[in-house]
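Data block below; observations after.
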Amino acid sequence: MRGRHILGRLAMVAIPAAGLVAGQIAAAASGPFIAGLTHITTLGSTVPSNGDVNPYGMAVVNQNWGRLVAGDVLVSNFNAASNAQGTGTTIVEMTPHGGRSVFAHITSSDVQGICTGGVGLTTALAILNNHWVIVGSLPTSDGTAATAKAGCLIILDGNGNVVETLNNAYGINGPWDLTAIDRGADSDVFVTNVLNGTVAAGGAVVNRGTVVRLVLHTAGSAAPWVESSTVIGSGFAERTDPAALVVGPTGDALSASGTLYVADTADNRIAAIPDALTRKGTAFTGKDVTANGWLNSPLGVTLAPNGDILTVNAGDGRIVETTPMGAQVAFRWLDMSGSPPGSGALFGLVITPHRNGVYFVDDATNTFELLH
């Protein structure tokens, strides 16, 4: 493991939310979560034996089941060894000490032609009812946006075997990220989609990105099945990009009150979709939580133990903490390599099981990291 001290790289000046005056905004009573996190430790490499790179999605394992070990973290790889985007086929399982094993190697034959375009695993990764794993695929044939296809969501069992594939019949079109919550026998999965007219636009911005809520029956030993599919967000800006493949709505996270926070990457904002668990129609692009400030094309999203929103930037190497009222209260540098510093290095992040740190992946170094 390699550690580095980052004390002194914390900024704690509240930036007001869009549309609100500073006096209306208060930081969480407990203060910024990342204020007490002063070190970054490199835990291990995410590169499996087949050479897949570009770690994207992350999901913490909460219960032993099959090959899933409680306390480990699953990481999806977006690129094959060729470094072509949208061609990665592996999910690795990382231990808290940096050990690595392959949880799943998913090939086109595993998805039986149902996944449009094949396999290219994205940031969309979660564990449902403790023993089903769901991962998104936005595949390409050569790593370019011109060949990007609609893809699918792939459901695996606790041993890494594909048991179900969900495609555009359920509104899935370029699943870029997702979050999920278990509710008894069902799991609600919130998927951001970025390929609704994007490839055809050839780099121009189209306002057609969506957020889809899937309700899956996940209890028992039978493969999960879809009970309902509802578009709860729409009209998000999206476009193809030579470096990032595609830019559009990315990370999302569900609050205890049922508000879904979405990283609106192209418009450099965090959006809020209220009543995400129960709404029967779209909230369009939601309400502004915050915009600009320390945000620089936000990607991955998770919630801190104090309820604040944590995002990582595509445009630089920062993690930013924002209160639900919209005040950007703190940031830390997670990667300062390259020019501009940390650009393109960050994507997935999750809170550690003991809720005292943040696991994240660094695409620039293909490593599993800990902010603590």
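The values are calculated or read from the model by the stated rules, or taken from the named source; none is laboratory data. All values reported here derive from a predicted model rather than from experimental measurement. Every residue, glycine among them, receives a Cβ derived from its backbone with ideal geometry; neighbour counts consider all protein chains shown.
Taken over the stretch 215-226, residues that are loosely packed, with under 15 Cβ neighbours inside 10 Å, assigned to a strand (DSSP E or B) and free of Cβ contacts under 8 Å to residues at least 60 places away in the same chain amount to 0.
Applying the criterion of being in contact with a Ser or Thr (Cβ under 7 Å, 6 or more places away or on another chain) and assigned to a strand (DSSP E or B) to the residues of the stretch 359-372, the residue that is surrounded by the most Cβ atoms within 10 Å (Cβ to Cβ) is 361. Total residues in the stretch 80-117 satisfying the condition of being more than 22 Å from residue 359 (Cβ to Cβ), touching a Phe, Trp or Tyr at 6+ places or on another chain (Cβ under 9 Å) and either among the hydrophobic types (A, V, I, L, M, F, W, C) or part of a loop (DSSP other than H, G, I, E, B) (or both): the figure is 2.
Going by the structure shown, is residue 179 in contact (Cβ under 8 Å) with a residue 40 or more places away in the chain, among the polar types (S, T, N, Q) and crowded, with 21+ Cβ neighbours inside 10 Å? Answer is yes for this residue. Among the residues of the stretch 227-254, the one identified as surrounded by fewer than 20 Cβ atoms within 10 Å (Cβ to Cβ), of a type in the set (D, E, K, R) and closer than 17 Å to residue 123 by Cβ is 241.
Evaluation of residue 58 against the conditions (1) modelled with pLDDT under 95; (2) part of a strand (DSSP E or B) shows that the sole unmet condition is (1). How many residues are in contact with a Phe, Trp or Tyr (Cβ under 9 Å, 6 or more places away or on another chain) and either surrounded by fewer than 16 Cβ atoms within 10 Å (Cβ to Cβ) or touching a residue at least 60 places away in the same chain (Cβ under 8 Å) (or both) if we restrict to the stretch 340-354? Matching residues across the stretch 340-354 total 7. Restricting 122, 140 to those that are polar (S, T, N, Q) and in a strand (DSSP E or B) reduces the list to 122. Report yes if residue 212 is in a strand (DSSP E or B), in contact with a strand residue (DSSP E or B) (Cβ under 7 Å, 6 or more places away or on another chain) and free of Cβ contacts under 8 Å to residues at least 60 places away in the same chain, otherwise no. In short, yes.
Exactly one residue out of 173, 159 is closer than 20 Å to residue 236 by Cβ and part of a loop (DSSP other than H, G, I, E, B), and it is 173. For the stretch 187-209, the tally of residues that are crowded, with 17+ Cβ neighbours inside 10 Å and assigned to a loop (DSSP other than H, G, I, E, B) stands at 3.
Take the residues of the stretch 41-57 that are of a type outside the set (Ser, Thr, Tyr) and surrounded by fewer than 24 Cβ atoms within 10 Å (Cβ to Cβ): which is nearest to residue 330 (Cα to Cα)? By that ranking, first place goes to 43. Out of curiosity, is residue 153 assigned to a strand (DSSP E or B), in contact with a Pro (Cβ under 7 Å, 6 or more places away or on another chain) and buried (at least 23 other Cβ atoms within 10 Å of the Cβ)? So residue 153 fits the description; yes.
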